[in-house]
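Structure record follows, encoded as structure tokens.
The values are calculated or read from the model by the stated rules, or taken from the named source; none is laboratory data. A quick note: this is a predicted structure, and the numbers were derived from the prediction, not measured. Here the Cβ positions follow ideal geometry from the backbone for every residue, glycine too, while neighbour counts run over all protein chains shown.
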Amino acid sequence: MNPVNYLYLAALLFTIGASGVLIRRNAIVLFMCVELMLNASNLALVTFSRLHDNLDGQILAFFTMVVAAAEVVVGLAIIVSIFRTRHSASVDDSNLMKL
Amino acid sequence: MSVPLLHGAGSVHSVWMAAAGGNTPSIPAPQLEYGQLSPMLIVFGAAVAGILAEAFVPRRARYTTQVGLALTGLAGAFIALIVLASQGYGSTKSGLIAMGSVAEDGPALFLQGVILLAAVVAVLLYAERGLDPRTEGGPRDAFTPQGSATPGGEQERQATRAGFASTEVYPLTLFAVGGMLLFPAANDLLTMFVALEVFSLPLYLLCALARRRRLLSQEAAVKYFLLGSFASAFFLFGSALLYGYAGSFRLPEIADAVNGTATTTAGLAISTHNDALLLIGLALVAVGLLFKVGAVPFHAWTPDVYQGAPTPVTGFMAAATKVAAFGALLRLFYVALPGLRWDWRPVMWAVAILTMVVGAILAVTQQDVKRLLAYSSIAHAGFILTGVIATNRQGLGAVLFYLLAYSFVTLGAFAVVTLVRDSKGEATHLSSWAGLGRRSPLLAAVFALFLLAFAGIPLTSGFTGKFAVFQAAAAGGATPLVIVGVLSSAVAAFFYIRVIVLMFFSDPQPNGPAVAIPSVFTTMAISFGVIVTLGLGLLPQYFLDLASKAAQFTH
């Protein structure tokens, strides 16, 4: 199968993730959309790695997984703490600083 | 029974190894130059020691231990940096280390020095515990006693009464500093991405830990986290596309692929025909970096996060993050993509103009000191971008000098903000700053000095920096940009002067804020800011020479 198709899929997933971040309201869903974008990047990296016949891309894909895991730890901690205060994870409710 | 099984496992293993060794490319073990990596290693080591101290040192002794560890680690790293610079790394010796992943060259060493000094000042601000009135539970710093407790809840009250303190902020800051040291030195996109995350993640947490106004603080953390991780996802996808184009993450090899001088492989023969990969990749990576810099249109997080975060953290972010992010931006544009400058320069022109104009105009409408400083930092990002666009050695030196000057002015200004307080904590609304010059002439004079430096009035560091940047931009053929820069400086000067007039020439409010008496830590931080601001304004030549000597990237 032509590797370029995987790139189209990666671009599609990235776009779905990015539009999700812009459209959705729930902080957890936003966060999942960011993870989707990271996974789209992984798919692109692995495809390019195959295309160029070297391992650099696959190595960054591993690093991305580790970083994504660390981001989950930090992100969920922040989201849970704000949820316990406000009983809502909607990002529209976080508007104390509007002008 | 078990012996033959073991034998079986062994033979299977050796067969598998032989098969794997036959035709897959093997990864050679990297050779690391520990001496040249030592500034980062010392900071990371101190951070890990801080985590262990958090686990094993009794609560009473933690504050002293953590402050000592943090300051020692930062000072040690700074000394290591000076030793490296005096040995000629950064000027005469090649700075490429860690298999070419890290470049300890002139700009990297200079910016690492600025980051370390800024971090020392920030840790001094963190360590301040004399501003809140002393009540039961002992002295209080700027951070919540327990990050996990609900704001205003019973658990929080108990934690306050028991005198808990979030001493985790020191190791978190050290981790962030370590990432920031690596970021401007990262010579491939993989290292850059990891460094970006290493310094961002602790900052997200630090934002959420304010003692007063915790709702604002948590809100700032959520916004910073969601937008920050969004931006890093862009950076990552951009890196993937650049890798797809060039077949490597190394910035010099990307430059080779752009210039067409790379050794052709089957993959490169296909990918370098596709400029879309290169241009979209460049755009996405630049989005990730411009977000960290706080350039318009990626600035939306800046005012909210600066306002909500604990003020010492805001000062640290405003100074050190900007330095690190500009370092990476410079390296990307000057090392990886100089061959593409006719494509990226027009876009960066637009970004720089927007950043200067929007930052300056929106700052005029602000009523909160921290938000005002945030918009001012956006405008300053625009001024620094004009130096980046110059794409000559003079511009690089000017940007380095500007970052040095700017970070200490901004840290000093936020340090002053921590001192003006009323019963609810810091009084950040501008109206409550009216007449501050009559109540506390010294503090108001110091703040006025910082504001004049922001405005770029002669005899302050801000003037020297701005002059250098604009001169370089004009030499690099960006005269219209300089004109916009000067005009928006004038607009910006209006609101800085407005605050000075408010402080000195209006009557104090009857129940206005009081100026807290700072301990030695904040006094040291503010004095350092004043000394650097005046020093770089009156006698800038040594540091200008240093910056222009450092302004040479290793390829």
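Test each condition in (1) farther than 20 Å from A:Pro3 by Cβ; (2) within 7 Å of another protein chain (Cβ to nearest Cβ); (3) without any contact (Cβ under 8 Å) to a residue 60 or more places away in the chain for A:Arg24 and report the one that comes out false.
Just one mismatch for A:Arg24, condition (2).
Can you say whether A:Val80 is surrounded by 21 or more Cβ atoms within 10 Å (Cβ to Cβ), of a type in the set (A, V, I, L, M) and within 23 Å of B:Phe225 (Cβ to Cβ), as far as the supplied structure shows? Lay out the reasoning, then the answer.
On the way: surrounded by 21 or more Cβ atoms within 10 Å (Cβ to Cβ): no; of a type in the set (A, V, I, L, M): yes; within 23 Å of B:Phe225 (Cβ to Cβ): yes.
No.
I want to confirm something. Restricting to the range A:61-84 and keeping residues that are among the β-branched types (Val, Ile, Thr) and facing another protein chain (nearest Cβ under 7 Å), which single residue is farthest from the chain's Cα centre (by Cα)? Spell out how you get there, then give the answer.
Within the range A:61-84, the subset among the β-branched types (Val, Ile, Thr) is A:64, A:66-67, A:72-74, A:78-80, A:82.
Now restrict to residues that are facing another protein chain (nearest Cβ under 7 Å): A:64, A:67, A:74, A:78-79, A:82.
Numbers: A:Thr64: 10, A:Val67: 11, A:Val74: 14, A:Ile78: 17, A:Ile79: 16, A:Ile82: 21 Å.
Among those residues, the one meeting the criterion is A:Ile82.
Name the residues in the range B:300-357 that are outside any helix (DSSP H, G or I) and crowded, with 24+ Cβ neighbours inside 10 Å, would you? Working first, answer last.
The first filter runs over the range B:300-357 and keeps only residues outside any helix (DSSP H, G or I), leaving B:300, B:309-310, B:337.
Within the range B:300-357, B:Ala309, B:Pro310 meet the criteria.
Has the range B:56-75 got at least one residue that is within 15 Å of B:Gly35 (Cβ to Cβ) and touching a Leu at 6+ places or on another chain (Cβ under 6 Å)? Talk me through it step by step, then tell me what you get.
Of all residues in the range B:56-75, those within 15 Å of B:Gly35 (Cβ to Cβ) come to none.
No, the range B:56-75 contains no residue that is within 15 Å of B:Gly35 (Cβ to Cβ) and touching a Leu at 6+ places or on another chain (Cβ under 6 Å).
In this structure, is B:Ser229 crowded, with 24+ Cβ neighbours inside 10 Å and without any contact (Cβ under 8 Å) to a residue 40 or more places away in the chain?
Numbers: crowded, with 24+ Cβ neighbours inside 10 Å: yes; without any contact (Cβ under 8 Å) to a residue 40 or more places away in the chain: yes.
It is true that B:Ser229 is crowded, with 24+ Cβ neighbours inside 10 Å and without any contact (Cβ under 8 Å) to a residue 40 or more places away in the chain.
Identify all residues within the range B:476-526 that are assigned to a helix (DSSP H, G or I), of a type in the set (Gly, Ala, Ser) and buried (at least 16 other Cβ atoms within 10 Å of the Cβ); write none if there are none. Walk me through it before giving the result.
Quick first cut of the range B:476-526, residues assigned to a helix (DSSP H, G or I) only: B:479-505, B:520-526.
Checking the rest, the ones that are also of a type in the set (Gly, Ala, Ser) come to B:485, B:488-490, B:492-493, B:525.
Residues satisfying the conditions are B:Gly485, B:Ser488, B:Ser489, B:Ala492, B:Ala493, B:Ala525.
Quick check: anything in the range B:295-303 modelled with pLDDT under 90 and farther than 30 Å from A:Asn54 by Cβ? Don't jump to the end; show me each part of the working.
So in the range B:295-303, the residues modelled with pLDDT under 90 come out as B:296.
Still in the list and also farther than 30 Å from A:Asn54 by Cβ: B:296.
Yes - at least one qualifying residue is present in the range B:295-303.
Is the range A:85-97 home to any residue that is at the interface with chain B (Cβ under 7 Å from one of its Cβ atoms) and either of a type in the set (Asp, Glu) or out of contact with any helix residue (DSSP H, G or I) (no Cβ under 7 Å at 6 or more places or on another chain) (or both)?
Checked against the condition, which is being at the interface with chain B (Cβ under 7 Å from one of its Cβ atoms) and either of a type in the set (Asp, Glu) or out of contact with any helix residue (DSSP H, G or I) (no Cβ under 7 Å at 6 or more places or on another chain) (or both), the range A:85-97 yields no hits at all.
Just checking, does the range A:42-60 include any residue being facing another protein chain (nearest Cβ under 7 Å), under 13 Å from B:Gln218 (Cα atoms) and assigned to a loop (DSSP other than H, G, I, E, B)?
No: the range A:42-60 contains no residue that is facing another protein chain (nearest Cβ under 7 Å), under 13 Å from B:Gln218 (Cα atoms) and assigned to a loop (DSSP other than H, G, I, E, B).
For the range B:242-274, which residues satisfy the criterion of being within 32 Å of the chain's Cα centre (by Cα) and either away from chain A (no Cβ under 11 Å) or hydroxyl-bearing (Ser, Thr, Tyr) (or both)? Break it down into steps so the answer makes sense when it comes.
Taking the range B:242-274 and keeping what is within 32 Å of the chain's Cα centre (by Cα), we get B:242-259.
Answer for the range B:242-274, where residues must be within 32 Å of the chain's Cα centre (by Cα) and either away from chain A (no Cβ under 11 Å) or hydroxyl-bearing (Ser, Thr, Tyr) (or both): B:Tyr243, B:Tyr245, B:Ser248, B:Leu251, B:Pro252, B:Ile254, B:Ala255, B:Asp256, B:Val258, B:Asn259.
Please pick out the residue among B:Leu452, B:Leu400 that is surrounded by fewer than 23 Cβ atoms within 10 Å (Cβ to Cβ), part of a helix (DSSP H, G or I) and either at pLDDT 95 or above or in contact with a Ser or Thr (Cβ under 7 Å, 6 or more places away or on another chain) (or both).
Values: B:Leu400 fails: surrounded by fewer than 23 Cβ atoms within 10 Å (Cβ to Cβ).
Among B:Leu452, B:Leu400, only B:Leu452 is surrounded by fewer than 23 Cβ atoms within 10 Å (Cβ to Cβ), part of a helix (DSSP H, G or I) and either at pLDDT 95 or above or in contact with a Ser or Thr (Cβ under 7 Å, 6 or more places away or on another chain) (or both).
Checking B:Leu215 against (1) surrounded by 23 or more Cβ atoms within 10 Å (Cβ to Cβ); (2) over 29 Å from A:Leu9 (Cα atoms); (3) within 9 Å of chain A (Cβ to nearest Cβ); (4) not small (Gly, Ala, Ser), which single condition isn't satisfied?
(1)
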